[in-house]
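Structure first, commentary second.
The values are calculated or read from the model by the stated rules, or taken from the named source; none is laboratory data. What you see is a predicted model; the values in this text were computed from it and never measured. Counting neighbours? That spans all protein chains shown, and the Cβs are built from the backbone with ideal geometry, glycine included.
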Amino acid sequence: MTSLTSTDTFSQALARELRGRVLLPGDDAFDAAATPWNLAVRQPVAAVVEAADADDVAATVRHARDAGLTVAAQSTGHGASGDVAGTVLLRTGALDAVEVDAARRTARVGAGASWGAVQAAAAPHGLTTLLGSAPGVGAVGYTLGGGLGWFSRAHGLAADHVRSFDVVTPAGEQVTVTAASDPELFWALRGGGGDLALVTAMEIDLVELPAFSGGKVAWPAARAADLLAVFREVTATAPPELSVWLSRVEAPGAPAVVVVHAAFLGDAASARALLAPFAAVPDVLGPGVDAAIGPLAAADVGDITADPTDPAAGKGRSELLRGIDDHVERLFTTSVAPLLTVQLRHLGGALASPGDRAGALGAITEPYLLYAFGLAFSPELSAAVGQRLETLPADLGRAATRRKPATFLAPGESVAAAYDDDALARLRDLKRARDPRGTIRGNYPLLG
């Protein structure tokens with residue numbers, strides 16, 4: 001347990017050289033600074049440091065180490081687990097610089113930058129990042145967990161495209177980590193989470209995007225079985241450039257619907273042709289495939305799912321799937337209440353064969369990922385959603401592998417669910433060697 005004396009000593013010593021600020025419990029801005037994006041997650045931290053730059057990050061680590069404290073970093077707080085009792089929460093939102101080198105097709109991304117900001121900087125040059133569905137998510141935290149998104153079937157994980165990381169080590173030193181300078185740490189940071197070093201910036205490769213199209217189409221939930229059958233058909237032969245997700249949504253006070261979301265690295269006519277089997281499913285709500293699937297600006301990729309942009313309280317769970325069987329079909333053809341949604345994401349392609357560029361997460365060989373989510377804005381609803389999520393693996397039967405990518409871990413889960421035995425042992429050995437005092441703590445600690 002962190003003592004009041006050690007925290008006070010830390011804050012007083014740090015404040016003398018910090019450009020940002022230190023907040024302690026009782027300070028006016030402390031509660032807001034300690035609150036992550038998911039309002040259902042509580043963070044009982046001992047102090048919050050709002051860093052102004054990389055020197056502030058290094059100073060925070062040095063003083064925390066001297067005081068016997070642990071530092072946990074967050075930018076947006078999207079991946080918060082709540083496993084931070086007594087730690088120093090380091091907020092990196094001010095480190096949000098983005099620099100695009102169009103000639104080299106690279107970007108330098110600060111620890112506080114969101115994917116939306118990086119995408120907006122890259123798009124005018126006909127380039128794209130490997131972001132997920134929600135542009136508001138922090139780019140660095142997403143990449144440290146691997147980074148699985150719309151373009152991963154064609155180009156792999158976001159972590160596969162990192163050139164270098166600027167980090168602060170557990171000793172408080174600022175270094176640049178590359179495949180040549182520190183191959184073991186470079187491997188670990190690309191998918192192994194934030195438990196080994198604090199990243200202040202990264203340099204990533206960008207991908208050419210000559211054409212991009214996509215959109216979403218909805219049907220009443222009564223068509224769920226038909227849509228699931230077509231989803232199987234389309235994803236069985238889809239080229240890597242096409243990613244299709246299928247969602248059942250039960251919004252409060254509204255009829256249940258099933259929605260197809262699609263993103264295609266190519267022109268709209270080709271996308272519509274690949275999605276043509278969905279056009280044969282009747283009772284479409286609103287625009288059908290031919291009208292809803294069209295050209296998209298690279299900066300508007302978030303429109304495909306229109307994920308929430310404001311903080312909210314919710315609980316989620318994910319499972320990688322061996323395939324789509326009767327258990328999965330039952331989940332989509334019956335009510336999922338009190339959940340808000342269940343979603344199937346087609347994987348495969350480059351995810352299954354990352355080659356030499358693979359980081360700690362390795363290959364994802366499962367063809368599908370299922371994501372379930374429910375709102376948790378009251379204690380009663382939170383409890384009901386939590387109980388429903390607990391039953392999800394049993395509901396999925398043998399279709400679920402009990403594995404999940406690191407960025408899909410949920411509060412209460414272990415990193416053991418994200419890595420194979422060899423990778424986990426390698427990560428834990430590195431943690432023991434590089435951070436024996438436990439000065440740095442990721443959302444999901446390697447030795448927790």
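For the range 300-309, indicate whether the set of residues that are at pLDDT 95 or above and surrounded by 22 or more Cβ atoms within 10 Å (Cβ to Cβ) is non-empty.
Within the range 300-309 (the criterion being at pLDDT 95 or above and surrounded by 22 or more Cβ atoms within 10 Å (Cβ to Cβ)), the answer is no, since none of the residues qualifies.
What tally of residues in the range 235-253 results from selecting those that are part of a loop (DSSP other than H, G, I, E, B) and more than 17 Å from VAL217 (Cα to Cα)?
Total meeting the criteria: 6.
Just checking, how many residues over the range 400-436 are touching a residue at least 40 places away in the same chain (Cβ under 8 Å), part of a helix (DSSP H, G or I) and over 24 Å from GLY314 (Cβ atoms)?
6
Touching a Pro at 6+ places or on another chain (Cβ under 7 Å) and more than 21 Å from PRO436 (Cβ to Cβ): which single residue out of GLY110, GLY93, GLY82 fits that description?
None of the other options fit; the residue is GLY82.
Where residues in the range 238-293 are among the β-branched types (Val, Ile, Thr) and within 17 Å of GLN343 (Cβ to Cβ), which of them is farthest from the chain's Cα centre (by Cα)?
Here is the first cut: in the range 238-293, the ones among the β-branched types (Val, Ile, Thr) are 244, 249, 257-260, 281, 284, 289, 293.
Filter again for within 17 Å of GLN343 (Cβ to Cβ), leaving 244, 249, 257-260.
Numbers: VAL244: 18, VAL249: 21, VAL257: 25, VAL258: 23, VAL259: 22, VAL260: 21 Å.
Looking at the filtered set, the residue picked out is VAL257.
Hey, does the range 396-404 have a residue that's surrounded by 22 or more Cβ atoms within 10 Å (Cβ to Cβ), touching a strand residue (DSSP E or B) at 6+ places or on another chain (Cβ under 9 Å) and not charged (D, E, K, R)?
yes
Considering THR169, THR128, which residue is surrounded by fewer than 24 Cβ atoms within 10 Å (Cβ to Cβ), touching a residue at least 40 places away in the same chain (Cβ under 8 Å) and farther than 23 Å from ARG434 by Cβ?
Just a single option satisfies the conditions, and that option is THR128.
Looking at ARG62, ARG91, which is the one that is among the basic types (Lys, Arg), touching a residue at least 12 places away in the same chain (Cβ under 8 Å) and farther than 25 Å from PRO135 by Cα? Steps first, please.
On the way: ARG91 fails: farther than 25 Å from PRO135 by Cα.
Going through ARG62, ARG91 in turn, just one is among the basic types (Lys, Arg), touching a residue at least 12 places away in the same chain (Cβ under 8 Å) and farther than 25 Å from PRO135 by Cα: ARG62.
Quick one: GLY136 ticks every box in (1) surrounded by fewer than 23 Cβ atoms within 10 Å (Cβ to Cβ); (2) more than 11 Å from the chain's Cα centre (by Cα) bar one, so which box is it?
Tallying (1) surrounded by fewer than 23 Cβ atoms within 10 Å (Cβ to Cβ); (2) more than 11 Å from the chain's Cα centre (by Cα), GLY136 fails exactly one: (2).
Any residue in the range 94-107 that's farther than 30 Å from VAL48 by Cβ: show its pairings with residues that are modelled with pLDDT of 95 or more and of a type in the set (Gly, Ala, Ser) at Cβ separation under 8 Å, as long as the two are six or more apart or on different chains.
Final answer for the pair search is VAL100/ALA107; VAL100/ALA121; VAL100/ALA122; ASP101/ALA107.
Report, by residue number, each residue of the range 437-448 that is within 14 Å of VAL71 (Cα to Cα) and either not β-branched (Val, Ile, Thr) or not in a loop (DSSP other than H, G, I, E, B) (or both). Steps first, please.
Step one: filter the range 437-448 for residues within 14 Å of VAL71 (Cα to Cα), giving 437-445.
If the condition is that a residue be within 14 Å of VAL71 (Cα to Cα) and either not β-branched (Val, Ile, Thr) or not in a loop (DSSP other than H, G, I, E, B) (or both), then ARG437, GLY438, ILE440, ARG441, GLY442, ASN443, TYR444, PRO445 are the ones that fit.
Being at pLDDT below 95, farther than 30 Å from VAL415 by Cβ and not basic (Lys, Arg) narrows it down to one of GLY266, GLY215, GLY253, GLY294, so name that one.
GLY253
Being surrounded by 17 or more Cβ atoms within 10 Å (Cβ to Cβ), outside the structural domain of GLY386 (by TED's automatic domain parsing), on the phi > 0 side of the Ramachandran plot and touching a strand residue (DSSP E or B) at 6+ places or on another chain (Cβ under 8 Å) is true for just one of GLY20, GLY77. Which residue is that?
GLY77
Within the range 278-302, count every residue that is touching a residue at least 40 places away in the same chain (Cβ under 8 Å) and in a helix (DSSP H, G or I).
Final tally of qualifying residues: 7.
Please verify whether GLY362 is over 16 Å from GLY147 (Cα atoms) and surrounded by 15 or more Cβ atoms within 10 Å (Cβ to Cβ), treating the condition exactly as stated.
Spelling it out, it is not the case that GLY362 is over 16 Å from GLY147 (Cα atoms) and surrounded by 15 or more Cβ atoms within 10 Å (Cβ to Cβ).
Consider PRO393 against the criteria (1) buried (at least 16 other Cβ atoms within 10 Å of the Cβ); (2) in contact (Cβ under 8 Å) with a residue 40 or more places away in the chain; (3) not acidic (Asp, Glu): it satisfies all of them except one. Which criterion is unmet?
Every condition holds for PRO393 apart from (1).
Among the β-branched types (Val, Ile, Thr), closer than 22 Å to ALA54 by Cβ, modelled with pLDDT of 95 or more and out of contact with any Phe, Trp or Tyr (no Cβ under 6 Å at 6 or more places or on another chain), is that true of VAL162?
Spelling it out, VAL162 is indeed among the β-branched types (Val, Ile, Thr), closer than 22 Å to ALA54 by Cβ, modelled with pLDDT of 95 or more and out of contact with any Phe, Trp or Tyr (no Cβ under 6 Å at 6 or more places or on another chain).
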